[in-house]
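In what follows, a structure is listed as structure tokens, so that the remarks can point back to it.
Read-outs throughout are calculated quantities, based only on the coordinates presented, and are distinct from any laboratory measurement. Because the structure is predicted, anything quoted here is derived from the model rather than measured. All Cβ positions, glycine included, derive from the backbone under ideal geometry; neighbour counts span all protein chains shown.
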Number of protein chains: 2
Amino acid sequence: MINSTQWFTEQVPGAGSAFSLKIKQKLHEEQSPFQFIEIYETETFGNLMVIDGCTMVSTRDNFFYHEMISHPVLYTHPDPKSVCIIGGGDCGTLREVLKHSAIERVVQIDIDERVTRLAEIYFPELCESNNDPRAELKFIDGLQWVKDAKPGSVDIIIVDSTDPIGPAEGLFGAAFYRDCFNALSANGIVIQQSESALYHLKLMGEMRDAMALAGFGHFQTLFFPQCIYPSGWWSATMAAKSDIGRFREQDANNKHFATSYYNSAIHQAALACPEFFKKALAL
Amino acid sequence: MINSTQWFTEQVPGAGSAFSLKIKQKLHEEQSPFQFIEIYETETFGNLMVIDGCTMVSTRDNFFYHEMISHPVLYTHPDPKSVCIIGGGDCGTLREVLKHSAIERVVQIDIDERVTRLAEIYFPELCESNNDPRAELKFIDGLQWVKDAKPGSVDIIIVDSTDPIGPAEGLFGAAFYRDCFNALSANGIVIQQSESALYHLKLMGEMRDAMALAGFGHFQTLFFPQCIYPSGWWSATMAAKSDIGRFREQDANNKHFATSYYNSAIHQAALACPEFFKKALAL
């Protein structure tokens, strides 16, 4: 029996499955202007942030997601200088992006400042680069920021959002992708977390369709483990304006920073499409 | 709240996590001479077999495991004819192996006949090749069978066992691996499910050490998703007598049978080692 005093449980809507982590204590909870945020101390996964009942980030296993939403796209774009992160309030993606010395500017736009303020307290390691002079943290509506961005001014947009319900819903629509397309430079790429291929295959197809409608013509989906997310298997989808550039393998091999999951072999591995995925998306 | 009348829950010992599937009904339970077996009808994963409290196989997601424990090793050995499966009583691995037309003989040895008899009822699709004339099902002690096997008589041994506690414990020791080494032909390969790299890294190292002690000198670990197993991310480790043969990519590309997950890109992808794994195993 999994009781709610000793365990945090996320029941995946419609999936008929649930994942639970044993907790030592609840460290914090609050209703921000946008969402309900909880922080737990778990027995074996370090701290855990939960937003509107969904696991967001744990100390122990966030490295999979944060590394895979950042390094592959950064080593796919031929020469990225300017990155924008939509969402990503825990700052873990920002930290990974800033490991790339060629990056000159990263703007992180999360609508909910409380996520970042709580991450600074409960996930300080993810926030260690927040004061990097190349980083700018904004707490405004990402949809509006992208709409207003100077055309062609951003090389990479990373959509590090919650699920496509609640505040993040608009981040999965063609109108947003059209604004991304305009904001991106000629070789620009947008990457977005795209849920689980086991649970959300339909959404993954619809997302590509919406991106194609917005003008993007080249797609790659990355598959990677993410224990605390529904099904334990997650994905991110890249959409490029011109062409999905050649993977800069040599640069990835010579990277001068540490990672826990990512390396150039993992990068290429993550691009392999399962048979059922190819079939469902007619690839 | 996850209650035990509506959900089946596996708490992972020592891991501080749990995975639950919503159930429609319990279809069967029995104490066999070896283990406690339960069959559930789940809401979204089809039927589920549970042995001694651990999820074994579901209708919906068994394809990951069964394909990855069979096709990669079969396309790695240069010319496999004879395969032995230790465990694998649900017959899903047997079915995958028999898809390879070059295979002349498969002996499946599960100590517990009840697992197979229940699979025939509740997972009939996994048992569809049980009457293939190339297949032989034995319900005896696999340890003893391998010990008694004619030296050099088997090309591939697939250890499709439960976790290294209970009846399967001996299947993770150097004595068993030595018997495998002797039973295998010159290019022989043993492959064994090797748990989760996130949860069982120490065991994965110890397994390789025990395999090396037994004479094996060449190893490859395959990583793949497996939603219902602890952490949602599973592995299998290959150990070869002479050399890990070159992957027969052309043959895999030309395979004349259907798979749901496996293809030649997935094969190569599964071999990519995460940074933390390379570091922990000093690879």
If you go through the stretch B:182-196 one residue at a time, how many are over 18 Å from the mean Cα position of the chain (by Cα) and polar (S, T, N, Q)? 3
Could you say whether any residue in the stretch B:95-102 is part of a helix (DSSP H, G or I), under 30 Å from B:Asn253 (Cβ atoms) and over 14 Å from the mean Cα position of the chain (by Cα)? yes
Within the stretch A:236-260, which residues are within 14 Å of chain B (Cβ to nearest Cβ), of a type in the set (D, E, K, R) and in a loop (DSSP other than H, G, I, E, B)? A:Lys255
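Here is a yes/no grid of residues against (1) over 19 Å from the mean Cα position of the chain (by Cα); (2) over 26 Å from A:Met211 (Cβ atoms); (3) assigned to a loop (DSSP other than H, G, I, E, B):
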residue: A:Tyr262; (1), (2), (3): no, no, yes
residue: A:Ala265; (1), (2), (3): yes, yes, no
residue: A:Cys273; (1), (2), (3): yes, no, yes
residue: A:Phe277; (1), (2), (3): yes, no, no
Looking only at the stretch B:1-41, filter to residues that are polar (S, T, N, Q) and assigned to a strand (DSSP E or B); which one of those is farthest from the other protein chains (Cβ to nearest Cβ)? B:Gln31
Condition first: of a type in the set (A, V, I, L, M, F, W, C), in contact with a strand residue (DSSP E or B) (Cβ under 8 Å, 6 or more places away or on another chain) and touching a residue at least 60 places away in the same chain (Cβ under 8 Å). Now tell me which residues in the stretch A:199-222 satisfy that. A:Met204, A:Leu222
Search the stretch A:2-57 for residues being out of contact with any helix residue (DSSP H, G or I) (no Cβ under 8 Å at 6 or more places or on another chain) and on the phi > 0 side of the Ramachandran plot, and hand back the single one that is surrounded by the fewest Cβ atoms within 10 Å (Cβ to Cβ). A:Gly14
Selection over the stretch A:249-270 where residues are closer than 20 Å to A:Gln192 by Cα and surrounded by fewer than 18 Cβ atoms within 10 Å (Cβ to Cβ) yields a count of 1
Might you let me know whether the stretch A:223-235 holds any residue that is outside any loop (DSSP other than H, G, I, E, B), in contact with a Ser or Thr (Cβ under 6 Å, 6 or more places away or on another chain), away from chain B (no Cβ under 14 Å) and in contact (Cβ under 8 Å) with a residue 40 or more places away in the chain? no
Which of the residues that make up the stretch B:114-162 are in contact with a Pro (Cβ under 9 Å, 6 or more places away or on another chain) and closer than 17 Å to B:His66 by Cβ? B:Ile156, B:Ser161
